[in-house]
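Data first, discussion second: the structure below is written as structure tokens.
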Amino acid sequence: MIDIKKLDSILPNVQKPARYTGGELGEIKKDIDENTLRFVFCFPDVYEVGMSHMGTSILYHLANSLDGVYAERCFSPWPDMESALKEADMPLFSLETKTPLSGFHIVGINLSYEMCYTNVLAMLDLGRIPLYSKDRDDTAPVVIAGGGCAYNPEPLADFIDLFVIGEGEEVLPELIALYKKSKAAGRQAFLRKAAGIPGVYVPALYDIVYKSDGAIKEIVAAEGAPKTVQKRIAADFDKSFFPVSPIVPYLAAVHDRVTLEVMRGCTRGCRFCQAGFVYRPVRERDAERLIWQAKESIKNTGHEEVSLASLSTGDYSDIARLVCTLSDDFKGSGVSLAVPSLRIDSYEGEYAGRLKQVRNTGLTFAPEAGTQRLRDIINKNLSDDDIYAAVKDAFESGTNGVKLYFMMGLPGETMDDIAGIAEMAACIRRIYYEVPKVRRGGGFRLTVSVSCFVPKPHTPFQWEAQDSIATLMEKQNFLKNVLRAVKGVKFNWHDAKVSRLEAVFARGDRRLSCVLVAAYRLGCRFDSWKEYFDYEKWLGAFAGADMLPAFYADRVRGKNEALPWDMIGTGVTKDYLWKERTAAYEKKTTPDCRQGCTNCGLKKAGLCQ
Amino acid sequence: MRIGLEFEKKDAAKYISHLDLQRAFSRAIRRSGLPVAFSAGFNPHYRVSFASALALGMESTCECVEMAVENDVSPDAFLSAIGKALPPGLYAKRAVRLADNAPKLMAAVREAEYKVIFEKAYLHEIKSVICDIIASREVVVKKTSKGDVKEIDIRSMIIMLDIINDECLRMRLAAAPSGSLKPGLIVEEIIKRTGNFAYQTIRTGLYAHAGGNAIDLLTACHE
């Protein structure tokens, strides 16, 4: 345990000390003895962000439901706290028992986005764990990682002892059981055995051979390690573990509410969307179970909002009943219902009105592209008419604020597609003013947010090049100018430099580890936070490591090129992804697979019925 | 009907900011199932209002909050239900029914008492400094507000300053809506004259005025 007196002397001098105290309602407390397996979940971002992460919450309570296991939490210290820790010569510690990270048996890191990688290194370093896997001896914790970014684990391959690929509900208990059994035999023996658990990838057991042009020649798995690590899914999502007494933070988390997971996966098949491919198949949770979970969670936490989360909640087959029952049940209790990630074509008047009864929220839609042509390319099966009908409906019922999300830099995109975004904005404004004044909400507000397309592994666009920073900025400036003509529109755009680094690390290989260490040493932290992102430092890190971002971001990969993540299997075949890519170039759409199997490979892999 | 509640704020909960404390109470009320009234308006909230904001990081044995309740609830039942629902670090101590004609707690509060625990080695010097302070007609300190440094005389806002059992400093300071004194300003002034020592401040009392006397806040507003 760290020196609590010393901690108490530094906390008054940092911002939001409640980030580091633990002790919240719902925190798990356990007695520790020499047989307790000690696990710490590390979330490489600040407390308020990490405490909003549903996956971490599920696994924290799941691990703590196991006998002889105590799982704790740790979040990235904000830069002021990092300085304070260093100044006081204190290691980074867990919230529950204030134990330094180096004092745990297993350190589990969540990887939700690429721009958290320097924070991962900072946590290990501050927790006094050797950065490189190869430098850890039997006294150091086993460092494991999972989450969305683990589908291309390679940029972190040198730092992480093992990755969990896919859903952790069953792998985690299996790993913990194996650790308890084989702890005495030492780290190497454990890792070799762990490689035999389906869904576990031990990077040190894979040798990457490169060609002279820098591309990968082959990936050689050591004996006993699977050639392809197939992702795991929870055997029965409907009945799988879900915590109804989650921790209630003392300070406001980003998502400060009860979040229910109504569904996993999405069948729409948008070609840019990694989540849409890697989280297949679609599985729903029973409405009765969700209603019980909602009531129980509100009773236990006292939150004032319930959010129905999934990749596409509007596609949930029992959505109308779920929304109506919950809004009836919570009537008069001050509890409101939020349904994020509604797709426009699944947004129906029937329950839209019911949502409004509880709390008037603006409408948020993601057309992703400004023209039908480009929406066909990316397989966003959504027509202009769908969009305009839904917006009209919303204005008619008194909504005045609409948010639209787009991407730029998509494959096959031209300036006409960018202009299409402004045309859509102008059209939505016209629709607003066509609604009689008495019925529409006062003051037209339209937010247009445009992110930069990042080609992601395991998608049909995994072979694509990313637009250069100059091209993306040219498109942003063009759109800014044309949108100026449409009154009442707020335009947000993403920093193209951040997106470029995302593209590098999303599809990077393990040679990038030296760039990450260099960036970390140069002081890069919280790279997804505008106030801390420093592109110049990153360029310095690449130059210092003698690596080129362009090799990863700007290059179109060949059909037969070995990709860094080829040892990771999602169940969707590479052939299927290539077929989808070809269809994109032919502007052919692929229907939602619930209307008929599209043979993505999941069935053959035994993952889909 | 209004219920006034006195509670302690300790341990990790001392780092709950004033804004977050309001949210913590809203959640505790919902968990407790108590019939606290909602505000009118678009986003209804529980009608909860605190007597006096406490500095972040300071513990207290005497925070006061009032809540409007819709049905008749006995103070004892209220105390028991809210006590079970509050998160670790917030401990309910006492609940009273507030008089209908009593002002809001935040309007009634006039004085606050603090206990400052310090390093023993400084006892002698601290004693002599507080004697000086009490004997002075004015005590001018520098106060930073909104980036400006102002010199203000805090003497009139010091109601009482003494040392109990040679162990800790006790101070009674003005804490009215019209003007209140932060305990840190005085401690910093003492430190300026004695040299740096470590200390910890705890709020131990909130008082209203009645008939020229200071009376415990909840007692003063009690039905």
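Within segment A:563-582, at least one residue is among the polar types (S, T, N, Q) and in contact (Cβ under 8 Å) with a residue 60 or more places away in the chain.
Restricting attention to segment A:5-49 and to residues that are over 16 Å from residue A:92 (Cα atoms) and under 22 Å from the mean Cα position of the chain (by Cα), the residue that is nearest to the other protein chains (Cβ to nearest Cβ) turns out to be A:48.
Outside any loop (DSSP other than H, G, I, E, B) and of a type in the set (Gly, Ala, Ser), is that true of residue A:225? Judged against the criteria, residue A:225 is not a match. For residue A:109, only one of the following conditions fails: (1) surrounded by fewer than 20 Cβ atoms within 10 Å (Cβ to Cβ); (2) within 20 Å of residue A:50 (Cβ to Cβ). What is its number? Residue A:109 satisfies all of (1) surrounded by fewer than 20 Cβ atoms within 10 Å (Cβ to Cβ); (2) within 20 Å of residue A:50 (Cβ to Cβ) except (1).
To keep it simple, each residue is scored yes or no on (1) of a type in the set (S, T, N, Q); (2) surrounded by 14 or more Cβ atoms within 10 Å (Cβ to Cβ); (3) within 19 Å of the chain's Cα centre (by Cα).
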| residue | (1), (2), (3) |
| --- | --- |
| B:118 | no, yes, no |
| B:135 | no, no, no |
| B:142 | no, no, no |
| B:167 | no, no, no |
| B:172 | no, yes, yes |
| B:180 | yes, yes, yes |
| B:197 | no, yes, no |
| B:203 | no, yes, yes |
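I'm trying to understand the selection: among the residues of segment A:107-154, which are out of contact with any Asp or Glu (no Cβ under 8 Å at 6 or more places or on another chain) and of a type in the set (Asp, Glu)? Across segment A:107-154, the qualifying residues are A:125, A:135, A:137, A:138. A residue that is aliphatic (A, V, I, L, M) and either in contact with a Cys (Cβ under 8 Å, 6 or more places away or on another chain) or surrounded by 19 or more Cβ atoms within 10 Å (Cβ to Cβ) (or both) occurs nowhere in segment A:26-33.
A count restricted to segment A:95-122 and to residues that are among the aromatic types (Phe, Trp, Tyr) and under 16 Å from the mean Cα position of the chain (by Cα) stands at 2. Each residue in segment B:37-66 was checked for being closer than 24 Å to residue A:18 by Cβ and away from chain A (no Cβ under 14 Å), and 11 of them qualify.
Residue B:76 fulfils the conditions (1) modelled with pLDDT of 95 or more; (2) within 16 Å of the chain's Cα centre (by Cα) except for a single criterion, (2). Scanning segment A:440-453 for residues that are in a loop (DSSP other than H, G, I, E, B) and over 14 Å from residue A:412 (Cα atoms) yields A:440, A:441, A:442, A:443, A:444. Would you confirm whether or not segment A:259-274 contains a residue that is of a type in the set (Asp, Glu), part of a loop (DSSP other than H, G, I, E, B) and within 19 Å of residue A:295 (Cα to Cα)? So far as segment A:259-274 goes, no, none of its residues is of a type in the set (Asp, Glu), part of a loop (DSSP other than H, G, I, E, B) and within 19 Å of residue A:295 (Cα to Cα).
The residues of segment A:241-299 that are farther than 30 Å from residue B:33 by Cβ, among the hydrophobic types (A, V, I, L, M, F, W, C) and buried (at least 20 other Cβ atoms within 10 Å of the Cβ), listed by number, are A:263, A:266, A:270, A:272, A:273, A:277, A:278, A:282.
Right, residue B:203: charged (D, E, K, R) and in a strand (DSSP E or B) or not? Here the answer is yes, as residue B:203 does meet what is asked. Between B:162, B:153, the distinction of being surrounded by fewer than 14 Cβ atoms within 10 Å (Cβ to Cβ), under 16 Å from residue B:129 (Cβ atoms) and touching a residue at least 12 places away in the same chain (Cβ under 8 Å) belongs to B:162 only. Screening residue A:135 on (1) surrounded by fewer than 19 Cβ atoms within 10 Å (Cβ to Cβ); (2) among the charged types (D, E, K, R); (3) touching a residue at least 12 places away in the same chain (Cβ under 8 Å); (4) out of contact with any strand residue (DSSP E or B) (no Cβ under 7 Å at 6 or more places or on another chain) shows it passes everything except condition (3).
In summary, residue B:26 fulfils each of the numbered conditions (1) within 11 Å of chain A (Cβ to nearest Cβ); (2) out of contact with any Asp or Glu (no Cβ under 7 Å at 6 or more places or on another chain); (3) among the hydroxyl-bearing types (Ser, Thr, Tyr) with the single exception of condition (2).
Can you name every residue in segment A:1-22 that is crowded, with 18+ Cβ neighbours inside 10 Å and not polar (S, T, N, Q)? Across segment A:1-22, the qualifying residues are A:2, A:7, A:10, A:11, A:14, A:16, A:17, A:18, A:19, A:20, A:22.
When A:226, A:246 are screened for being farther than 25 Å from residue A:455 by Cβ, at pLDDT 95 or above and within 14 Å of another protein chain (Cβ to nearest Cβ), only A:246 passes. With respect to being within 30 Å of residue A:216 (Cα to Cα) and modelled with pLDDT of 95 or more, residue A:100 falls outside the description. The single condition among (1) without any contact (Cβ under 8 Å) to a residue 40 or more places away in the chain; (2) within 12 Å of chain A (Cβ to nearest Cβ); (3) of a type outside the set (Ser, Thr, Tyr) that residue B:101 does not satisfy is (2).
One residue stands out among those in segment A:266-321 that are among the aromatic types (Phe, Trp, Tyr) and touching a helix residue (DSSP H, G or I) at 6+ places or on another chain (Cβ under 9 Å): the one that is farthest from the other protein chains (Cβ to nearest Cβ), which is A:277.
The values are calculated or read from the model by the stated rules, or taken from the named source; none is laboratory data. Everything numeric in this text was worked out from a predicted model, so none of it was measured. For neighbour counting, all protein chains shown are included, and Cβ atoms are generated from backbone atoms with ideal geometry for every residue, glycine included.
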